[in-house]
Amino acid sequence: MPDNTAALTQKPEWQALIRHQEKLAETPMRDLFRDDPTRATRYLIEAAGLTLDFSRNRLTDDTLSALADLARACGLEQRTEALFNGGIVNITENRPALHTALRQPADTDVKVDGCNIMPEVHSTLARMEQLVEAIHSGQHRGHTGKRLTDVVSIGIGGSFLGPKLVVEALKPYWQGGLNCHFVANIDGTDISETLKALDPETTLFLVQSKSFRTQETLDNSLVARQWFLANGGSDTAIASHFMAVTTNIEAATGFGIAADNIFPMWDWVGGRYSLWSAIGLPIALTLGMDHFRSLLAGAHAMDCHFRNTPAERNLPVLMAMLSVWYNNFWRAGSHAVLPYDEYLKHLPEHLQQLDMESNGKRVTQHGTPVDATTGPILWGGVGANGQHAYHQLIHQGTRLIPADFVIPLKSHNPVEHHHATLFANCLSQARAMMAGKTREEAVQELRDSGMAEAAAQTLAPHKAIPGNQPSNILMMEQLTPETLGALVALYEHRTFVQSVIWDVDCFDQWGVELGKQIGNEILPRLLGEKSDGTAGDSATDHLIERFRSANGL
Ligand code: F6P
C-alpha cells in the first residue's frame, strides 16, 4: 500500500519533482526537440479513438516516471478501483460516484448498498429509447394531436452544460424533425426569447434537475407551465408536454408531472457527470438512441483504457499529472482548452464546470487544509477565433499557460481547403507557443526585410516571443458520437486523477451553497417582503435600495 499519510508536499515523490523541475527549468522545449529526434513519436498515445500528442511539454522520460511515481504514492490505483466499484468516493455526501456504470454493458455487475444497479441503468435506457421512438414516429403527440417539433430542456449546471455540448457538437448526426432548445439562466431573457419562437401545441418541456430544488430550473419551469396553460394547454394536457428527470419524484409529481413522465436519476451520479443518464434525453431525442448509445460506448472505451493502463501510458492520468506538474511545480494557475472545431465551441464551458466545480476545493477529504494549490482556472474558446483575441497573451504575456488543442483530422464540412487551413493554424499555434522567436531571430528577420540596423534593434524586443509554452494536441479521426464520448470521459477522469493527488473530494460542491443561502435572504428584501434589519452589510443594503427604487418597488 502507498504511504498516504505524509502531507502531500512532504512526500518523497513530491520532493523529487521539485528537484527535477529545478533542473528541467534550464532546458527549453526547443532544446529537447533538437536533442531527441524521436520525441514526436515517443510522446504520443492512442486510446479509445483519440490520439494525444504531448511532445510539446516541459518533460523528459524522467518527468514522466516521477509524475507516475507521485500518482502511485497518492493511491491512484486504489482510488480508481473504488471509483469503478461503487466505493464511497464522495466522502462528504457519503456516496459513490458511478457515472462509469451509466456507460457499462448490461451484463456487468455494479453494486450500491449490495444491490446491482445495472438493471435499472439499462431499463432507464430502454425507457428513453421508447420515448425517442414514440416522439419521432408520431405516436407521442401534443395534446391537440400535432406532432412534437420542439423540445425545451430546462436545467442548469450539470443538468445543462453536458447535454448542450453534446447536442451542438453532434449536429451532423441530428435525426431531424425535432429542434432542441436549452433554458438555464434565471435571467428572464433566456426563457422569454426561447418561448417566442415556439408553438405550445408542438413543444415538449423537459425539466432536468437532479434535486428538483434548483431555483433557476423551478422558476423557469413555472414560467413554461404558465405559458403553456395560457396558450391553450390544460392541467391534463401537461402530461403530453412536460417530463422530468430527477431523483426527487415527489417534488416533480407535486409540480404536476405525471409519474410515467418522470425519468430517474440517482444519488450516485454527480450533476456534472450526468449527461450519460436520462439527463441526456435532449441528446437522445435530437440524435436518436443509436447515436446516444454510441456516445456511451465511446465513454466506456475510455473508462476501460483508464482503468487498465499503466500510469505512464494512460491518457487521462497523463493529462491530469501534466496539470499537476504545471499547476504545482511551475505555478501555472490556469489551463486553456482550445477546440479547433466549431462544433466543439461549448467544450470549454462544460469542462469549466466539470473541473472547477470538482477541484475548486481547499481542504482534503479529511477536512485538513490541502498543502498545495488546487484546481487551476480552466478557460478557453474555439480556434482559430481565439488567435485573434487572447492568444497574444499566451505568446507574449508574462504568464505560463498550458493549453490543450482539440482537433479532428477530418471535417464534417470539407469546404475548399478550410480544414487544412484550420489544421495549419492549430499546428502553427502549438509550434509558436513551443519554439517562440528569439531576439536574434527577430533582428535577422527585420534585417532581411530591409530595415535599417538601428530600427531593427529597437523593434526586435517587441517581436521576440519567449516560447516554451506547453501544449497538448488531442486528435480524433472525426468528431463522432464515439470519439466525443471518449473525449468527455477523458476529461472526467483527468479531473478525478487531479483530485486524488490533491486528496480533495471532487464530487461535492459546498461552496455553491453559500451564494444560494444569501440569495434567499436578499430576494424577499428586493421584493419588499422583508425589510427589518440588514441583508448582511451596508453595501448589499444600499444596492437593494437602488434596485427597489429603479423598479418602482
Ligand atoms: O451548481 C450547483 C449544482 O448543484 C450543480 O452541481 C448541479 O449540476 C446544478 O447545481 C443543478 O442541480 P440540479 O440538477 O439538482 O438542479
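The values are calculated or read from the model by the stated rules, or taken from the named source; none is laboratory data. In this text, all values refer to a predicted model and were calculated from it rather than measured experimentally. No Cβ is skipped: glycine too gets one built from the backbone with ideal geometry, and neighbour counts run over all protein chains shown. Note: areas computed on protein heavy atoms with side chains; ligands, DNA, RNA excluded. Shrake-Rupley method; radii C 1.70, N 1.55, O 1.52, S 1.80 Å.
Residues in the range 495-523 that are part of a helix (DSSP H, G or I) and of a type in the set (V, I, T): T495, V497, V500, I501, V512, I518, I522. Taken residue by residue, the range 302-309 has no member that is of a type in the set (A, V, I, L, M) and under 30 Å from G177 (Cβ atoms). In the range 297-347, the qualifying residues are those that are of a type in the set (K, R) and touching a strand residue (DSSP E or B) at 6+ places or on another chain (Cβ under 9 Å), and the one that is nearest to N413 (Cα to Cα) is K345.
Look at (1) out of contact with any strand residue (DSSP E or B) (no Cβ under 7 Å at 6 or more places or on another chain); (2) in the same structural domain as I401 (by the TED database); (3) β-branched (V, I, T) and you find that V269 fails only one, number (2). Going by what's in this entry, would A464 be described as modelled with pLDDT under 95, open to solvent by less than 60 Å² (accessible area, probe 1.4 Å) and in contact with a helix residue (DSSP H, G or I) (Cβ under 6 Å, 6 or more places away or on another chain)? Judged against the criteria, A464 is not a match. Taking the range 54-68 only, how many residues are crowded, with 19+ Cβ neighbours inside 10 Å and not in a loop (DSSP other than H, G, I, E, B)? Here the count works out to 5. Among the conditions (1) over 22 Å from E168 (Cα atoms); (2) open to solvent by less than 30 Å² (accessible area, probe 1.4 Å); (3) β-branched (V, I, T), the only one that T253 does not satisfy is (2). Count of the range 169-192 residues, restricted to those that are charged (D, E, K, R) and in contact with a strand residue (DSSP E or B) (Cβ under 9 Å, 6 or more places away or on another chain), is 1. Checking the stated criteria, A486 turns out not to satisfy the condition of being buried (at least 18 other Cβ atoms within 10 Å of the Cβ), assigned to a helix (DSSP H, G or I) and over 24 Å from the mean Cα position of the chain (by Cα). Scan the range 114-122 and tell me whether some residue there is at negative phi, of a type in the set (D, E), touching a residue at least 12 places away in the same chain (Cβ under 8 Å) and not in a strand (DSSP E or B). Scanning the range 114-122 turns up at least one residue that is at negative phi, of a type in the set (D, E), touching a residue at least 12 places away in the same chain (Cβ under 8 Å) and not in a strand (DSSP E or B).
Restricting Q392, Q457, Q387 to those that are of a type outside the set (D, E, K, R), in the same structural domain as A47 (by the TED database) and surrounded by 14 or more Cβ atoms within 10 Å (Cβ to Cβ) reduces the list to Q387. Within the set G271, G333, G360, G367, the sole residue that is more than 19 Å from the chain's Cα centre (by Cα), open to solvent by 10 Å² or more (accessible area, probe 1.4 Å) and more than 20 Å from A486 (Cβ to Cβ) turns out to be G367. A count restricted to the range 207-236 and to residues that are on the phi > 0 side of the Ramachandran plot and within 12 Å of the ligand (Cβ to nearest atom) stands at 1. Return the residue satisfying two criteria in turn: it lies in the range 507-533 and is touching a residue at least 24 places away in the same chain (Cβ under 8 Å) and of a type in the set (D, E, K, R), and of such residues it is surrounded by the fewest Cβ atoms within 10 Å (Cβ to Cβ). Once the filter is applied, the top-ranked residue is K516.
Here is a yes/no grid of residues against (1) at pLDDT below 95; (2) among the aromatic types (F, W, Y); (3) part of a helix (DSSP H, G or I):
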residue	(1), (2), (3)
W268	no, yes, no
L281	no, no, yes
H305	no, no, yes
V324	no, no, yes
A332	no, no, no
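The condition of being assigned to a loop (DSSP other than H, G, I, E, B), polar (S, T, N, Q) and within 16 Å of the ligand (Cβ to nearest atom) does not hold for T108. Of the residues making up the range 190-206, those that are farther than 22 Å from H136 by Cβ and within 16 Å of the ligand (Cβ to nearest atom) are D190, I191.
For first residues located in the range 402-420 and in contact (Cβ under 8 Å) with a residue 24 or more places away in the chain, partners that are of a type in the set (S, T, N, Q) and assigned to a helix (DSSP H, G or I) and lie 6+ apart or on another chain with Cβ distances below 8 Å form the pairs P402/S323; F405/Q429; P408/T483. The residues of the range 146-186 that are within 16 Å of the ligand (Cβ to nearest atom) and assigned to a helix (DSSP H, G or I), listed by number, are G157, G158, S159, L161, G162, P163, K164, L165, V166.
L354: within 16 Å of the ligand (Cβ to nearest atom), surrounded by 23 or more Cβ atoms within 10 Å (Cβ to Cβ), hydrophobic (A, V, I, L, M, F, W, C) and assigned to a helix (DSSP H, G or I), yes or no? Yes: the conditions hold for L354.
Of the residues in the range 524-538, how many are within 35 Å of the chain's Cα centre (by Cα) and either hydrophobic (A, V, I, L, M, F, W, C) or not in a loop (DSSP other than H, G, I, E, B) (or both)? Residues that pass the stated criteria total 3. Kindly indicate whether any position in the range 369-391 is among the aliphatic types (A, V, I, L, M), assigned to a helix (DSSP H, G or I) and more than 16 Å from the ligand (Cβ to nearest atom). No, because not a single residue in the range 369-391 is among the aliphatic types (A, V, I, L, M), assigned to a helix (DSSP H, G or I) and more than 16 Å from the ligand (Cβ to nearest atom). The numbered conditions (1) within 16 Å of the ligand (Cβ to nearest atom); (2) at negative phi are all true for R127 except (1).
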